[in-house]
Amino acid sequence: MNLLTLFLSALLINNVILSKFIGMCPFMGVSTKLSSAVGMGVAVIFVIFGASVLSWALYYYCLVPLGLEYMKLICFILLIAAFVQFVEMFIKKNSPSLYKSLGIYLPLITTNCAVLYVALDNISQGYNFIETLVNSIAVPAGFMLVLVIFATIRERLAGSDTPEAWKGNPIAFVVAAIMAIAFSAFAGLV
Amino acid sequence: MNVIVAILIAAALLGLNAWLYVANKNTPVPEGCESLKPDCAGCGITDCAVRIRQNDREENE
Amino acid sequence: MSEPVKKRGFWSEMIYNNPVFGLYLGICSTLAITTTLNNAIGMGVAVIVVLTISNIVISLIAPLTPDEIHIPVYIVVIATLVTVVGMLMQAYTPELYSTLGTFIDLIVVNCIILGRAEAYACSHNVAESAKDGLMMGLSYTFSLLAMSLIRQLLGTGVIELSNPMNNQVIFSLRLIPEAFEIPVFTTQTGAFLTFAVLSALVAAYKLNDEKKEKAAAKAKADAAKLAAANAAKAKVKEAA
């Protein structure tokens, strides 16, 4: 498959949030402020890229030769949890400034479904190593793109006069619905 | 035989997790980051781990 | 839940502590798979099974688990259960499995399950945990059913149920003529909109409930004040 097509389709057309509905929890949770949206987005890109490349290697170099494909779910989720711990420790030691901006989002990522989704997707689509690299960067980039756009809208929304029952998340879902319409226009891109 | 290997792999990954958890916990938080607070206002997810931890911390203080 | 415990009826409890529309847990799968009733039932049953068994197992092993590895151990328990359920579905309901796709695997990271393990099962006994898992799973399933009923009805005009084992249609009823279908409800946009409306309804219910409670509390306080005033008056009279 053409790598550019793969990149664009994972970034825009099959966007994780608006088209696959994956990673909704952090999407609703940290999108109230632009600064936290950027922090979460960067942390997610970092973790998804690392964790899914590692999972790919674990699957093809360890589980497949041993005939243990059924272990992939257990292995991947443990690998992701370990990787998140490792990244947190590494940042703490080496870059306090980075820790300041990403530190609180890292523990959240273990249970972010997007991480496991990308790891499983790379396997189920049968991607080779290069395609895995491209896919693992495009998917979280799409996540961050939507998260940042959404956060800017929500910052404006906070000051508007919404009915009591619609305040907070319900109105945010309406915004997401409108964004999904906008993003569905990308379907003709490739 | 295969089952034993499978259990070994899972155990190894669990061990890795435990080791990294302890190592991570023992690494001191860098200066100036001791009281980082997530921005929980406006988020509806009340069962979220970050919020629970923050509430605990506030109760302890 | 850290909220003060209050006796509520079954349905009121379902709405008030609804994991999906009230607490915003497990939204991903709710939005993604609720295009048909069949999907909703399949997913709901899978989640009930995994949640109940994981709650039971975790409440049993929680006292034995060292604190350092409790999260990875819970994750292993849940992942094992999900793998088993996935394999069973692949064998007996292959069609359903292929439509639900990765969302069966993603039950592992469904916030409801790990959330219940952390918040409830690790500190309660087996029976209580099993009951909690069943209740949470049921209210999750009801949310899925509500979403999928609305989306399927408005999007395709038909309510249809089929047997997941052999794909025979059990029940099919056209309620809206073909010319008046709103296909947008079967797309992503429809999912977000339906969810927004349902969660706003739950929020409105909660607000109304709180208002009523406040009014009741105020009435009670007023009555107490009145009684106190009357008692004081009576005392004054007695003294006179």
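Across peptide C:114-123, the average count of Cβ atoms from other chains found within 10 Å of a residue's Cβ is 2. The string of couplings for region A:87-100 from the Karplus curve (6.51, -1.76, 1.60, θ = phi - 60°) is 4, 4, 5, 4, 5, 4, 6, 9, 9, x, 5, 5, 4, 4 Hz, one whole number per residue in order, with x for Gly and Pro.
What is the calculated FRET efficiency for C:A204 to B:A23, with r their C-beta to C-beta distance and R₀ = 56 Å, to the nearest 0.05? Approximately 0.70, to the nearest 0.05. Checking understanding here: applying a Kyte-Doolittle mean of at least 0.5 and a length along the axis of at least 30 Å (C-alpha), which whole DSSP H helices in chain C pass? Within chain C the helices that satisfy the rule are C:37-61, C:70-92, C:126-156. Note on C:59-71: average number of Cβ atoms from other chains within 10 Å of each residue's Cβ is 2. Enumerate the lysines that C:K211 could reach by cross-link, defined here as Cα to Cα under 25 Å, with residues fewer than 8 away along the same chain left out. By straight Cα distance, C:K211 reaches A:K167, C:K6, C:K7, C:K220, C:K225.
Across region A:139-153, computed HN-Hα scalar couplings (Karplus, 6.51 cos²θ - 1.76 cosθ + 1.60, θ = phi - 60°) run 4, x, 5, x, 4, 5, 4, 5, 4, 5, 4, 5, 5, 5, 5 Hz from first to last residue, x flagging Gly and Pro. From helices alone, chain C scores -23500 deg cm²/dmol at 222 nm; the rule is -39500 (n - 2.57) for each run of n ≥ 4 DSSP H residues, then divide by the residue total.
Rg and Dmax, both from the Cα atoms of region A:13-188 and both in Å, are 17.4, 60.
Which order, highest average first, do C:165-172, A:76-83, A:175-182 follow once you tally other Cβ atoms within 10 Å for each residue and take the mean per peptide?
With the highest mean Cβ count within 10 Å placed first, the list reads A:76-83, A:175-182, C:165-172.
Around A:V148, with a cut-off of 14 angstrom between Cβ atoms, what is the net charge of the other residues, counting Lys and Arg +1 and Asp and Glu -1? Neighbourhood net charge equals +2.
Counting Cβ atoms of other protein chains within 10 Å of each Cβ in C:28-37 and taking the mean gives 3. Remark on the protein assembly as shown: ratio of C-alpha radius of gyration to 2.2 N^0.38 Å is 1.06. Show which lysines lie in cross-link reach of A:K72 when reach means a straight Cα distance below 24 angstrom and same-chain residues fewer than eight apart are skipped. Within the straight-line cut-off, A:K72 pairs with A:K20. Taking other C-beta atoms within 10 angstrom as a stand-in for reagent exposure, C:D209, C:D105 fall in the order C:D209, C:D105, fewest first. Modelled spin-label separation between C:A240 and C:I182, with each label point placed 7 Å from Cα along the Cα-to-Cβ direction: 6.8 nm. With both labels modelled 7 Å from their Cα along Cα-to-Cβ, the A:I130 to A:S160 distance reads 4.5 nm.
Peptides A:141-153, C:33-45, C:151-163 ordered by packing proxy, namely the average of other Cβ atoms within 10 Å per residue, highest first: C:33-45, A:141-153, C:151-163. What would the Debye equation give as log₁₀ I(q)/I(0) for chain C at q = 0.07, 0.08, 0.09, 0.16 Å⁻¹, counting only Cα atoms as equal point scatterers? Result of the Debye calculation: -0.33, -0.41, -0.50, -1.17. In sequence order, region B:17-31 has phi-based couplings of 4, 4, 4, 5, 4, 5, 4, 5, 5, 7, 6, x, 6, x, 4 Hz under the Karplus curve 6.51 cos²θ - 1.76 cosθ + 1.60, θ = phi - 60°, and Gly or Pro positions carry x.
Here, each number is a calculation from the coordinates, and none is a lab measurement. Keep in mind that what you see is a predicted model, and the values were worked out from it rather than measured. A quick note on method: Cβ atoms are made from the backbone with ideal geometry, for glycine too, and the neighbour counts reach across all protein chains shown.
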